[in-house]
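Working notes, beginning with the structure itself.
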């Protein structure tokens, strides 16, 4: 189960990236923070590409890169806004729902579908999402679902979860006509290129903003580049929904980081819901 170990490491790095990015956004606007860490990530991935080389590719590869860049840029903006809007330990677990959306998007896009064990794991993940907000149970049985709509961060992250269910399939298509490092470098470089004119148009003194938190942005880019590289390798080993499901372990790391570093409250309630999500993730990964 090499791919599981790769994705556990990727999940931890993803949560660490979120923590660094949240610190950076204390003094940098969302657009600049997103663009700058994408730029740093592209530089690190470019260094990896220099050591692996670039395989021959066709026109389909470049069409997928263009799609990934524009789509990924919009998705990252929403993601960064969600991280900034609410507690990490409340916002990040919403990403666990992306495998649920992939039950529809993946069969349509690439023809993959999990078995019965995988489907049961998805149900555990949905149950964990419900339990995440059970501290509001006095408001009624459906209070957790209303709570998701009441908070901006979780609402935005639910949208990200759906968009990622599409994005992960695009990654698999790109890997089918290329290799892990060349694909993710080109895709992320395209995302950075998509964001650059928006930064120049809408943000005041972007480089000046970056100088306020250079170490956090540098660290976020480093974590993201390694996490994405591990994810691309894992995608070549198993079904896309399984890879994305295990990546949702970042929710657990996010809860712990949010509590220990940012002093966010509600650990007991949120950790229970997250534990149910993790049970679903492992059911998918180990039995699916």
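The values are calculated or read from the model by the stated rules, or taken from the named source; none is laboratory data. Keep in mind the model is a prediction, meaning the values are calculated, not measured. Backbone-built Cβ (ideal geometry, glycine too); neighbour counts: all protein chains shown.
For the residues 19, 82, 33, 11, the requirement of being in contact with a helix residue (DSSP H, G or I) (Cβ under 8 Å, 6 or more places away or on another chain), assigned to a helix (DSSP H, G or I), within 25 Å of residue 287 (Cα to Cα) and in contact (Cβ under 8 Å) with a residue 40 or more places away in the chain singles out 11. Looking only at the range 123-130, decide whether some residue is modelled with pLDDT of 80 or more, over 16 Å from the mean Cα position of the chain (by Cα) and either part of a helix (DSSP H, G or I) or crowded, with 24+ Cβ neighbours inside 10 Å (or both). Checked against the condition, which is being modelled with pLDDT of 80 or more, over 16 Å from the mean Cα position of the chain (by Cα) and either part of a helix (DSSP H, G or I) or crowded, with 24+ Cβ neighbours inside 10 Å (or both), the range 123-130 yields at least one hit. Residues in the range 150-184 that are over 23 Å from residue 98 (Cβ atoms) and in a helix (DSSP H, G or I) were compared, and the one that is nearest to the chain's Cα centre (by Cα) is 181. Flag set for residue 36, criterion: within 20 Å of the chain's Cα centre (by Cα), under 20 Å from residue 215 (Cβ atoms) and surrounded by 17 or more Cβ atoms within 10 Å (Cβ to Cβ). Criterion first (more than 21 Å from residue 261 (Cα to Cα) and in contact (Cβ under 8 Å) with a residue 24 or more places away in the chain) does residue 108 satisfy it? When the stated conditions are applied, residue 108 does not pass them.
The test for being surrounded by 20 or more Cβ atoms within 10 Å (Cβ to Cβ) and out of contact with any strand residue (DSSP E or B) (no Cβ under 7 Å at 6 or more places or on another chain) does not hold for residue 48. Quick one: would you say residue 74 is in a helix (DSSP H, G or I) and crowded, with 23+ Cβ neighbours inside 10 Å? Answer is no for this residue.
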